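Presented below is the structure to which this report refers.
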Amino acid sequence: MNEYMSSPQTKWGNPSFTDIFPIDSNPNYKQQYYDTPLSSKGLSQVTELNNYVSNMEDGKIILDELDLIVVSPLTRTLQTMELGLMPYLRHSRRRRRRRHTRTNADSNDCTTEKKKMPEIVALPLAAERLYLVSDIGSSVSDLKQQFPYVNFDEMEMNKNSNDAADAADDDDDDDDEWWFTTKSEGQFNSILKKINNNNNNDNNNKVILNQNENENDPPSIQTHANYVPIMKQSDYIEWRPHGQGQSYACAGEPDFIFNQRMELLYDWLQRRSEQNICLICHWGVIRWLVGKEFENCEVQVYDFESIQRQPSKL
């Protein structure tokens, strides 16, 4: 999608910009533009990332110390993790395992520590702010088939919300939605009622209407344990470039909802007991957390104490 937008006639924000593509013009447009996979340029950048972590001493040190990998559930970030980091991690763990086995065979007193592969958690909170159709995700069931070694439990926690959405509008296309969406007022109220009934005895998952700091912000739905970014269609106000012929395939995630989601991401990371966490995410998420614009596949190390629970400024 980014390469599509890089050409002068399709640059983001230009008059007549669109991310709506007729099916008859490109039968594979969904595979190409919805939850866009890495392009040839992206694959080349991931290869450079793998070379860095596999051959550079500082890259090896970073990965060898990891306790947890947190990745956005969008396909391009999962591919970045799989192709950029996993080859070295698997090779490193096999090498450690062989060394551990040899040490056990040579000595009854084994002092070699066997380093486990860090858990990999797909976290919807870490997804990119939904700007365009390329930021609409894939279903959990599809992602599990593609990345069976990834822990998708955090996404399963959203399943009650999606079941409620299905019951409200009886639309199979809503199954497994974990990204920002808008609903009719009837659907919104039905979802809220159904989820609260389902979670009546579970304080960790109880769904509430947001108490927004700005009283002009419309209500949306969130949970304590995860985020269900849904708002009423009638409350949605277009914030992306518009008025000059621009058209969009989906509603864009409003700033106040994105900010709430980033605060929940911060809280989720803060609660973790692991010491060294790798977060594989997106330009907008990184910019909010640390106030820096990263290049694709750029690697940086931060102390969590240096990150604040508010949008960072460049």
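Rundown of residues vs (1) closer than 20 Å to W283 by Cβ; (2) charged (D, E, K, R); (3) open to solvent by less than 50 Å² (accessible area, probe 1.4 Å), yes/no style:
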site	(1), (2), (3)
Y33	yes, no, yes
P37	yes, no, no
S54	no, no, yes
D67	no, yes, no
T75	yes, no, yes
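Scoring R272 on the criteria (1) in contact with a Pro (Cβ under 9 Å, 6 or more places away or on another chain); (2) under 27 Å from M117 (Cα atoms); (3) among the charged types (D, E, K, R) leaves a single failure, condition (1).
For segment 142-152, which residues satisfy the criterion of being open to solvent by less than 60 Å² (accessible area, probe 1.4 Å) and part of a helix (DSSP H, G or I)? Residue satisfying the conditions is L143 alone.
A quick yes/no check of all residues on (1) open to solvent by 30 Å² or more (accessible area, probe 1.4 Å); (2) part of a loop (DSSP other than H, G, I, E, B); (3) small (G, A, S); (4) modelled with pLDDT under 95:
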site: V228; (1), (2), (3), (4): no, yes, no, yes
site: S234; (1), (2), (3), (4): yes, no, yes, yes
site: L265; (1), (2), (3), (4): no, no, no, yes
site: W268; (1), (2), (3), (4): no, no, no, yes
site: V299; (1), (2), (3), (4): yes, yes, no, yes
site: Q308; (1), (2), (3), (4): yes, yes, no, yes
site: K313; (1), (2), (3), (4): yes, yes, no, yes
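Annotation note: Cβ proximity below 8 Å between a residue of segment 44-68 that is in contact (Cβ under 8 Å) with a residue 12 or more places away in the chain and in a helix (DSSP H, G or I) and a residue that is surrounded by fewer than 18 Cβ atoms within 10 Å (Cβ to Cβ) and charged (D, E, K, R) (sequence gap 6+ or interchain) occurs for V53/K60; S54/K60; D64/K115. In this structure, does L89 turn out to be within 26 Å of S273 (Cα to Cα), part of a helix (DSSP H, G or I), touching a helix residue (DSSP H, G or I) at 6+ places or on another chain (Cβ under 8 Å) and modelled with pLDDT of 95 or more? No.
The values are calculated or read from the model by the stated rules, or taken from the named source; none is laboratory data. Nothing here was measured: the structure is a model prediction, and the numbers come from that model. Neighbour counts run over all protein chains shown; Cβ positions are idealised from the backbone, glycine included. SASA here: full protein model, heavy atoms, side chains in, ligands and nucleic acids out. Shrake-Rupley method; radii C 1.70, N 1.55, O 1.52, S 1.80 Å.
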